[in-house]
Ligand code: ADE
């Protein structure tokens with residue numbers, strides 16, 4: 001899949017998308033993440049990307065022309081399944097939406113901007129608005145990085161251990177059970193004996209009951225959905 005990210009602050013996206021699993025996924029050719037600086041599509045000596053809002057409010061608003069030019073150029077090169085805008089007004093992001101996006105071919109994510117973006121972009125270009133939570137960030141870049149990360153890591157083959165992404169918290173509507181590694185005893189605290197037993201049926205039963213217990217205790221709202 002290919003993800004095109006449009007921003008006026010590309011520096012904010014470079015590091016989170018080019019390390020660790022995300023870098024490896026791109027090196028393996030499973031996903032391509034391309035960051036575009038909207039300023040490259042702006043005109044004039046100052047390459048202005050934002051301007052004062054009509055009606056006299058505070059803050060700057062992203063201008064429509066460079067965004068339309070950039071997205072129209074991308075659309076002339078390939079078909080996009082979604083053009084996403086990151087904004088606190090959007091639908092709340094969750095694992096179900098990450099799973100859905102990971103099945104798509106190409107997506108564009110337009111990062112939100114200080115006071116907002118010219119509404120004509122939202123009306124005529126954007127197909128989906130996504131919020132990562134009920135709080136306000138300075139811009140949409142971190143939200144876009146979170147979306148790209150959560151989508152790319154579940155593409156089949158992205159994580160070495162094929163089963164791993166499927167056993168994440170939320171994939172079965174439950175929080176993940178606790179995990180332990182060596183040493184089996186640390187500071188006098190023992191790893192639960194069942195994990196050392198070699199009895200995989202018992203281990204699986206223990207994991208399921210732990211997942212259910214943690215979900216009941218920490219996120220009972222998740223159980224109301226099922
Ligand atoms: N931009 C600013 N706040 C945001 C949020 N909560 N989610 C997505 N984009 C945002």
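State log₁₀ I(q)/I(0) for the range 94-183 at q = 0.16, 0.23, 0.25 Å⁻¹ as given by the Debye formula over alpha-carbon point scatterers of equal weight, solvent excluded.
So the normalised log intensities work out to -0.79, -1.25, -1.37.
Take every Cα-Cα distance within the range 36-161, group them into 5 Å bins from 0 onward, and report for each bin the whole-number percent of pairs it holds.
2, 10, 19, 22, 20, 14, 7, 4, 2, 0, 0
Where does each of 181-188, 132-139 land if you order them by average Cβ count within 10 Å, highest first?
The densest-packed peptide leads the list: 132-139, 181-188.
Using Cα springs under 10 Å in a Gaussian network model of the chain, which residue among 75, 115, 205 shows the largest mean-square fluctuation?
Highest fluctuation of the listed residues: 205.
Cα centroids of the range 99-158 and the range 168-226: how far apart, whole angstrom?
The two parts, judged by their Cα centres, are 32 Å apart.
With a 10 Å radius around each residue's Cβ, average the other Cβ atoms per peptide and rank 191-197, 51-57, 105-111, highest first.
Ranking, from highest mean packing down: 105-111, 191-197, 51-57.
Give me log10 I(q)/I(0) at q = 0.12 Å⁻¹ for the range 70-226, Debye formula, one equal scatterer per alpha-carbon, no solvent.
Summing over Cα pairs of the range 70-226 leads to -0.70.
Values quoted throughout were computed directly from the atomic coordinates according to the rules given, and no laboratory measurement underlies them. Everything numeric in this text was worked out from a predicted model, so none of it was measured. Counting neighbours? That spans all protein chains shown, and the Cβs are built from the backbone with ideal geometry, glycine included.
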